[in-house]
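A.B. asks: This is the structure, below, for whatever I ask next.
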Amino acid sequence: MGNLDQNRAYEVAGHFRRLGVPVVLGGIHATMCQDEALRHADSIVTGEAESVWPRVLEDARLGRLKSRYEGGRAELANIPIARHDLLAGRYALGAIQTTRGCPLNCSFCSVTAFNGAYYRQRPIEDVIREKHVLVVDDNLIGTKPEHIARAKDLFRAMIEANLRKEWIAQATINFADDEELMELAAKAGCNGVFIGFESLDPGKLLELGKKFSLMKNRDFRASVRRIQRHNIVVVGSFIIGLDVDEPGIGKRIAEVANWYGIDNLNALFLTPLPGTRLWDTMKSEDRIPLNTFPEDWKYYTLTFPVARYKHLSPNDILREMHSCNATFYSMPNILRRVWNSVWRRRKPALSLVGNLSYRNNIRMGLKAHDNFRRQVGDRLG
Ligand code: SF4
């Protein structure tokens, strides 16, 4: 159970408990909000479940479930291969995880709190056996030379296994610094990378923990271009609502993202998620007005402004988000990106479909924000 779907998890848990079926909850949210999760379940598993799961099942079978099990951090060499074959129905993507943990510990991100700062890698032969297409690692290539060497070995093994699968993954911008890495990734089926640029302000990047983005006097436009030369799509993520952000930030982000030349822009509201440093800071500063939990978790999707922002009122920040999206996804800008893809022979159809579907999502987002304003506007202050 992640931070973003807890209410649905509680709903499903309630349904089964009413039927007399014992319910165990686990995942990031249950780990960070243990007492809350326990009110909706018979038992919770904190941390990574692999080491304790057989014991949980045995205890459930014998009717002696404990209220908490501490999973800690798993040894990735010992985790079982996921049973994708048990999924019923048609899924466009199957997910695999090849690493866990991230040493960067960005202030808004719960990965380090949940999976630890130590970057752990699964044995390459286990990853190859999974044969699925969406790599859900939080940082596929890691930060150190040995991490990158292992990523290259993984890609070589994927090429050798001839999986014929296309995949996308999250990575840090240092992906662009190694030609061999990008070439191997592309040959192994990498179609796109999701990169968190987060802020236009170097000082803020340092504060967020994104030191990596500033190393080597990074030229983001050149980095994006180097990745795209391997026919890999770049989706860039930016945060709106940082303490440095003032009115006008939405348009500026869109213009800079256009200048970087990224294929898709994903702008998100700064959101304090439980377990993060940002949560602790904002809570201590009394900047989290939507705090009637679990009901308010439904707004913690990064697509609603749930906090108080330093220079932006609730109306301002919604306006900035709309201006950012309207600028980046204007028809002239979409057509320019598609034309660039044709010119550079880089999957123009994918670019068109991707941009139009983002544009469509944004239209739905506008309606959701109107409802949000009506439902909680008075509580945002
Ligand atoms: S945002 Fe990315 S780089 Fe930062 S801690 Fe989370 S996973 Fe690591």
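The values are calculated or read from the model by the stated rules, or taken from the named source; none is laboratory data. A quick note: this is a predicted structure, and the numbers were derived from the prediction, not measured. Because the Cβ atoms are built from the backbone with ideal geometry, glycine has one as well, and the counts that use them run over all protein chains shown.
A.B. asks: I'm trying to understand the selection: among the residues of region 362-381, which are surrounded by fewer than 17 Cβ atoms within 10 Å (Cβ to Cβ) and either hydrophobic (A, V, I, L, M, F, W, C) or not in a helix (DSSP H, G or I) (or both)?
C.D. replies: M364, L366, A368, G381, listed by residue number.
A.B. asks: Among the residues of region 33-70, what is the count of those that are more than 20 Å from A9 (Cα to Cα) and among the β-branched types (V, I, T)?
C.D. replies: Qualifying residue count for the region: 1.
A.B. asks: I would also like to ask the following. Out of region 177-201, which residues are at pLDDT below 90, more than 26 Å from A95 (Cβ to Cβ) and within 16 Å of the ligand (Cβ to nearest atom)?
C.D. replies: Listed by number, the list holds a single entry, S199.
A.B. asks: Then there's this: Give, as residue ranges, the strands (runs of 3 or more DSSP E) completely inside region 18-93 that count at least 3 residues that are of a type outside the set (G, A, S).
C.D. replies: Answer list for region 18-93: 43-46, 68-70.
A.B. asks: Among the candidates R129, R100, single out the residue that is out of contact with any Ser or Thr (no Cβ under 8 Å at 6 or more places or on another chain) and modelled with pLDDT of 85 or more.
C.D. replies: Going through R129, R100 in turn, just one is out of contact with any Ser or Thr (no Cβ under 8 Å at 6 or more places or on another chain) and modelled with pLDDT of 85 or more: R100.
A.B. asks: Sticking with this one: Mind checking which pairs have a first residue in region 241-267 that is more than 21 Å from R359 (Cα to Cα) and a second that is among the small types (G, A, S), Cβ under 9 Å, 6 or more apart or different chains?
C.D. replies: G241/A307; L242/S199; V244/S199; V244/G203; D245/S199
A.B. asks: Go over the candidates A74, A82, A113 one by one and state the one that is closer than 20 Å to T46 by Cβ, more than 16 Å from the ligand (Cβ to nearest atom) and hydrophobic (A, V, I, L, M, F, W, C).
C.D. replies: A74
A.B. asks: Of the residues N217, N162, N174, which single one is free of Cβ contacts under 8 Å to residues at least 60 places away in the same chain, within 16 Å of the ligand (Cβ to nearest atom) and among the polar types (S, T, N, Q)?
C.D. replies: Selected residue: N174, the only one of N217, N162, N174 that is free of Cβ contacts under 8 Å to residues at least 60 places away in the same chain, within 16 Å of the ligand (Cβ to nearest atom) and among the polar types (S, T, N, Q).
A.B. asks: Also, I was wondering about something else. Could you tell me which residue of region 330-361 is surrounded by the most Cβ atoms within 10 Å (Cβ to Cβ), considering only residues that are free of Cβ contacts under 8 Å to residues at least 40 places away in the same chain and closer than 23 Å to F304 by Cβ?
C.D. replies: Out of the qualifying residues, it is R359.
A.B. asks: Only one residue in R120, R55 is in contact with a strand residue (DSSP E or B) (Cβ under 8 Å, 6 or more places away or on another chain), under 20 Å from I148 (Cβ atoms), modelled with pLDDT of 85 or more and among the charged types (D, E, K, R). Which one?
C.D. replies: When all the criteria are applied, what remains is R120.
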